[in-house]
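A short worksheet on the structure shown next.
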Amino acid sequence: MIRELLSRWPVIKQIQTGADGTGPESWSERTRHLVPKNHGAEVARSICPYCGVGCGQLIFHKDNKLVSIEGDPESPISRGRLCPKGSATYQLHTHEGRLKKVKYRRPYGTRWEEVDLDTAMQMIADRVWDTRERTFVEKNDKGEPVMHTAAMAHLGGATLDNEENYLIKKLFAGGLGMSCISNQARI
C-alpha cells in the first residue's frame, strides 16, 4: 500500500523517469484531463478598446457566450501582450454591475431613469439638429460664406481608424457644418 502510494507521488515518478517535473510525471488524475477554458470556442480577432495603441485581442466565444479575451500573439503591435486594462476587457463585458440600459437624468432632475435605446437616439438626434438650426452661420461679418456651427464639437475615440475618422469628418463637417472636430486616432 505504501509502495503504491509512493509510486503516485510526483517526486518519486520524477526520480524514476529522470524527467524534469513539468510533464506527465507531475500530473494528477484531475490535471491529466484538464482542458483550456477556451477549448472548443470560436475565435474572432479584435482591438483593445481602451487607448490608441491598438493592441490585438483574441475574442473566444462559444454557444453565443463570451468565454475569454486574450492578447493576440500575431499582433505586430502587442505580440500577445495586454496591459492591465486590456487584460480586464472580459470583465468589462461580463461584470454583473455593467449597465445595459440607457440612463437619462432630466434637466434639474435628481434621479436617473431608464429609457429605451430608440428614444435615447431620437433625443440625441433632435438636440443635434436643434443646435445646428439655432447656431448655423452661413456668412461671416464680411459676407464671406463660412457654412458652419461652433456650438457643437466631436471628439473621436482612440480606437477609431483613419477610415472611420474620414467618414465622421464627412458627416459632422460636411453634413452638419461642425468646425470643431478632432480624434485620437493612432492606429
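The values are calculated or read from the model by the stated rules, or taken from the named source; none is laboratory data. Everything numeric in this text was worked out from a predicted model, so none of it was measured. For neighbour counting, all protein chains shown are included, and Cβ atoms are generated from backbone atoms with ideal geometry for every residue, glycine included.
The table below gives the values:
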item	result
Filter pass, GLU114 being closer than 30 Å to LEU66 by Cβ, outside the structural domain of GLU70 (by TED's automatic domain parsing) and among the charged types (D, E, K, R)	yes
Any hit, segment 59-73, residues being outside the structural domain of SER182 (by TED's automatic domain parsing), surrounded by 13 or more Cβ atoms within 10 Å (Cβ to Cβ), of a type in the set (Phe, Trp, Tyr) and at pLDDT 90 or above	yes
Segment 84-125, residues that are among the polar types (S, T, N, Q) and more than 23 Å from the chain's Cα centre (by Cα)	THR110, THR119, GLN122
Members of segment 1-45 that are small (Gly, Ala, Ser) and free of Cβ contacts under 8 Å to residues at least 24 places away in the same chain	SER7, GLY18, ALA19, GLY21, GLY23, SER26, SER28, GLY40, ALA44
